[in-house]
Amino acid sequence: QVQLVEFGGGLVQAGGSLRLSCSASGRTFGTYAMGWFRQAPGKEREFVAAITWSGRSTSYADSVKGRFTISRDNAKNTVYLQMNSLKPEDTAVYYCAADPTFQIVARTQEKEYDYWGQGTQVTVSS
C-alpha cells in the first residue's frame, strides 16, 4: 500500500558528496520512523541512519557518524540522507525504509521496518 522511491544515487569521487532522497506515496501513516540501510556486494545489509517522525531522535552507524546527516520533511513525506566526505567503502545499494508505528527512539534493526524502497546505487571511486 505504501511505496517508497529513492533518488540521488550515482558515481562520485572519494571526498565528494551526494544527497539521497526517499519519497513515500500511497497509504501513509500519520507518524512513522524512517531509516536508511545499505548493502555492498558480498556483504550483509547494514544499518546506516534512522530518524523518528518528530525528528527528535536520530541514530547513525559508527562508520558514518560525522559524515552523513539524516533529515525529513513530513509535509512532503520525504526523508533525506546527506552524505559528505564519501569513501570507497561507502559504495553500496542504499535502501530507505519506513516503520509505520510510533516510536520515540529511532530503530536500528531492519526487522523493525515494514516498507522498503527499490534501492539506489552509490559508487565512490578512489
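If we keep just the residues of region 114-125 that are touching a Gly at 6+ places or on another chain (Cβ under 6 Å) and over 14 Å from residue 23 (Cβ atoms), which is surrounded by the most Cβ atoms within 10 Å (Cβ to Cβ)? Spell out the reasoning first.
Going through region 114-125, the residues touching a Gly at 6+ places or on another chain (Cβ under 6 Å) turn out to be 120-122.
Among the residues that remain, those that are also over 14 Å from residue 23 (Cβ atoms) are: 121-122.
On the way: 121: 12, 122: 22.
Filtering region 114-125 for residues that are touching a Gly at 6+ places or on another chain (Cβ under 6 Å) and over 14 Å from residue 23 (Cβ atoms), the one surrounded by the most Cβ atoms within 10 Å (Cβ to Cβ) comes out as 122.
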In the set 31, 52, the lone residue that is open to solvent by 30 Å² or more (accessible area, probe 1.4 Å), touching a residue at least 40 places away in the same chain (Cβ under 8 Å) and β-branched (Val, Ile, Thr) is 31
Could you tell me which residue of region 62-79 is modelled with the highest pLDDT, considering only residues that are within 14 Å of residue 98 (Cβ to Cβ) and in a strand (DSSP E or B)? 70
How many of the residues making up region 59-78 are buried (at least 18 other Cβ atoms within 10 Å of the Cβ) and on the phi > 0 side of the Ramachandran plot? 1
Would you confirm whether any residue within region 4-21 is more than 21 Å from residue 123 (Cα to Cα), open to solvent by 60 Å² or more (accessible area, probe 1.4 Å) and in contact with a Ser or Thr (Cβ under 8 Å, 6 or more places away or on another chain)? no
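Considering every residue within region 50-61, establish whether at least one is touching an Asp or Glu at 6+ places or on another chain (Cβ under 6 Å) and either outside any loop (DSSP other than H, G, I, E, B) or under 16 Å from residue 124 (Cα atoms) (or both).
Looking only at region 50-61, we keep the residues that are touching an Asp or Glu at 6+ places or on another chain (Cβ under 6 Å), and these are none.
Looking through region 50-61, none of the residues is touching an Asp or Glu at 6+ places or on another chain (Cβ under 6 Å) and either outside any loop (DSSP other than H, G, I, E, B) or under 16 Å from residue 124 (Cα atoms) (or both).
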Residue within region 101-110 that is open to solvent by less than 60 Å² (accessible area, probe 1.4 Å) and part of a strand (DSSP E or B) present: no
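The values are calculated or read from the model by the stated rules, or taken from the named source; none is laboratory data. Given the structure is predicted, the values throughout are model-derived calculations rather than measurements. Note that we place each Cβ from the backbone using ideal geometry, even for glycine, and neighbour counts take in every protein chain shown. What goes into the accessible areas is simple: the full protein's heavy atoms, side chains included, and nothing from ligands, DNA or RNA. Shrake-Rupley method; radii C 1.70, N 1.55, O 1.52, S 1.80 Å.
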